[in-house]
């Protein structure tokens, strides 16, 4: 999983496409303020939702959520 | 009114698009880059060889056993230059394949691969000279050539299918690609076996594939690669089985200006489209450019579009796109995207320009190939970039002119407190990491449509060369309603990194016309 440290939210979501695509179709995040919607879209993938991922609503910024997500979810390499 | 200190500082980058007055970026510069948001002179360069037989149309660098093998392809030749770790040229070898057909439109692609099953296992250079220099969509098919990296003998034809595009190594496979979206790959680890089990071919899109690079892939899906066709971006992913590779279209609404315009920087791919700069980082995005997009696309010589090439200077976070400007038929200028600073600037290339360049990875200095003929050898020159501060052309040491010009300083357009007043500058306190003397000029105008008036050059020495207190600062008596500063270095050994320069400025009269 790609560590989001030092990345912008769009850089991180772009680079996560590689890892997520085998579990579902991801959209391109264009507005950084809408990171929560992007997060919800990938939490809807069954493989990911089964791992009890963190909900974005509990985080005020994307980076904290991304850290929690990378700790909670195993994308199988 | 008492003069107030003003920090001479603009936003990093050189803005060419739009008017000079409507921006906070530097407005002009030459051989100047940005680091930590501040301008500094680019590095010098030294001649590695003046025995490149023709203008290089593609180069490749390969490092092995403390030797850098540089292959330069031209219309008639494939020449290998070998450098030791100190950058000293040790060998020049003609590796032109036997029976190679010279053609002025030959444009080379290179890569390397490993052969573990052939009669001479080892690392091999693979290359292809497509007839693509005059037309990116050319359909003439030509052969791929290969040969051991560390040898000096001519390359030989490989049994790969002839193609019009080029070649790329996706270890342990080699791909050739060309017209009608055609790709073919060999048997893994066997670069001369294109018919055995594991090899294959496919038509993966409608238009010609013109460029390709390796792409990272997850376990079980490696290797992977990206293929740029004239209108789309295709990803190849290893899946094994009978199909071996899977191809999926990432976008069918892309474009590419030149087959040499694609470059990878830290796992992200950047390239020139026909009307914008693009990148791929999992998804395709436009690279924002508000500084010189029009400057580039409005002045590019489209007839010579295939000569546009990209190379990188990772030390400073830079991607250079070199291009023929105006009526030039070789690359005379470059626009530079600084990934680290997230800004753009540009420069005129040295002398008559360059035709190819590469960053050698193990060797920290990029290699460039110029289009100037050496008067002694009547051949062309190869340069090592980012070396010292000067141009070292054999025994000749030449200064490299470098300058930058700040954005306008004006109280007329002050957002908070606009005043209809000119500014008078009485003193400048230069602050530079500096070697060799520099000059400062004040330029500007009364309004955006009045003539530019530029002061004389005021010279200031480097810190260690100051002999009297008066040399610590510069004294001016210049008044402009829109005022800019030009700092310049053009002496042998000259170098600079700007710090926090201070201008002593007071408001003056309100004369609008100039």
Legend entry - Cα centroid of the stretch A:49-77 to Cα centroid of the stretch B:307-343, whole Å: 39 Å
Legend entry - Peptide ranges B:440-450, B:454-464 listed from the most packed, as the mean C-beta count within 10 angstrom indicates: B:440-450, B:454-464
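So for the stretch B:457-514, Kirkwood radius off the Cα pairs, Stokes-Einstein at 4 °C and 1.567 mPa s: how many µm² s⁻¹? Could you put the intermediate results ahead of the total?
Values: Rh = 14.3 Å.
So the translational diffusion coefficient is about 91 µm²/s.
Taking every pair of distinct Cα atoms and averaging 1/r, then inverting, what Kirkwood hydrodynamic radius in Å comes out for chain A? It would help to have the intermediate numbers written out before the result.
On the way: mean 1/r = 0.0810 Å⁻¹.
One decimal place: 12.3 Å for the Kirkwood radius.
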Legend entry - Label point distance in nm, residue A:23-residue B:397, each placed 7 Å from Cα along Cα→Cβ: 6.1 nm
Legend entry - Linear extension gain, residue B:248 paired with residue B:231, 0.36 nm per residue minus alpha-carbon span: 4.7 nm
Inset, instruction - Tell me what chain B gives for mean residue ellipticity at 222 nm when only DSSP H runs of n ≥ 4 count, each as -39,500 (n - 2.57), the sum divided by the residue total, rounded to 500 deg cm²/dmol. - result: 0 deg cm²/dmol
Legend entry - Virtual spin-label span in nm between residue B:315 and residue B:91, 7 Å along Cα→Cβ: 2.7 nm
Inset, instruction - Would you kindly work out the equivalent ellipsoid of the stretch A:32-77 from its C-alpha gyration tensor and give its semi-axes, the square roots of five times the eigenvalues, largest first in whole Å? - result: 17, 12, 9
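Extension gain residue B:450-residue B:123, at 0.36 nm per residue separation less the Cα-Cα distance, in nm? Mind dumping the intermediate values first?
Numbers: separation 327, 0.36 × 327 = 117.72 nm, distance 6.37 nm.
Result for the pair: 111.4 nm of gain on full extension.
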Legend entry - Computed over the stretch B:76-124, the ratio Rg/Rh where both radii use C-alpha atoms and Rh is Kirkwood: 1.05
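Taking the stretch B:361-507, how much of its Cα-Cα pair set, in percent, is spaced more than 21 angstrom apart?
Values: 6092 of 10731 pairs.
Every Cα pair in the stretch B:361-507 considered, those over 21 Å come to 57 percent.
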Legend entry - Relative frequency of Cα-Cα separations exceeding 17 Å in the stretch B:286-327, percent: 40 percent
Inset, instruction - Please figure out what share of the DSSP beta bridges in the protein assembly as shown is antiparallel and state it in percent, rounded to the nearest 5. - result: 95 percent
Inset, instruction - With label points built 7 Å along Cα→Cβ from the Cα atoms of residue B:507 and residue B:201, find their separation and express it in nm. - result: 7.7 nm
Inset, instruction - Calculate the mean, over all residues of peptide B:279-289, of how many other protein chain Cβ atoms lie within 10 angstrom of the residue's Cβ. - result: 4
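Give the order of B:367, B:268, B:136 when sorted by the count of other beta carbons within 10 angstrom, beginning with the fewest. Before the final figure, lay out the partial values.
On the way: B:367 27, B:268 18, B:136 22.
Starting with the residue having the fewest Cβ neighbours, the order is B:268, B:136, B:367.
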Legend entry - Theoretical FRET efficiency, 1/(1+(r/R0)^6), r = Cβ-Cβ of residue B:303 and residue B:101, R0 22 Å, to 0.05: 0.35
Legend entry - Shape parameters for the protein assembly as shown, alpha-carbon atoms, Rg then Dmax in Å: 27.0, 86
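Would you mind giving the average projected area, over all directions, of the Cα convex hull of chain B in nm² with one decimal?
Numbers: hull surface 105.0 nm².
Its average projected convex-hull area is 26.3 nm².
Per-residue Cβ counts within 10 Å, from other chains only, averaged over A:8-14: what number is that? Numbers along the way, then the final one.
Details: counts 1, 0, 3, 4, 2, 3, 8.
For peptide A:8-14, the averaged partner shielding equals 3.
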Legend entry - Principal axes of the stretch B:397-481: Cα extent on each, largest first, Å: 45, 30, 22
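No lab work stands behind these numbers, since they all come straight from the coordinates. Only a predicted model underlies this, so the values are computations on that prediction, with no experimental measurement involved. Note: ideal-geometry Cβ built from the backbone for every residue, glycine included; neighbour counts use all protein chains shown.
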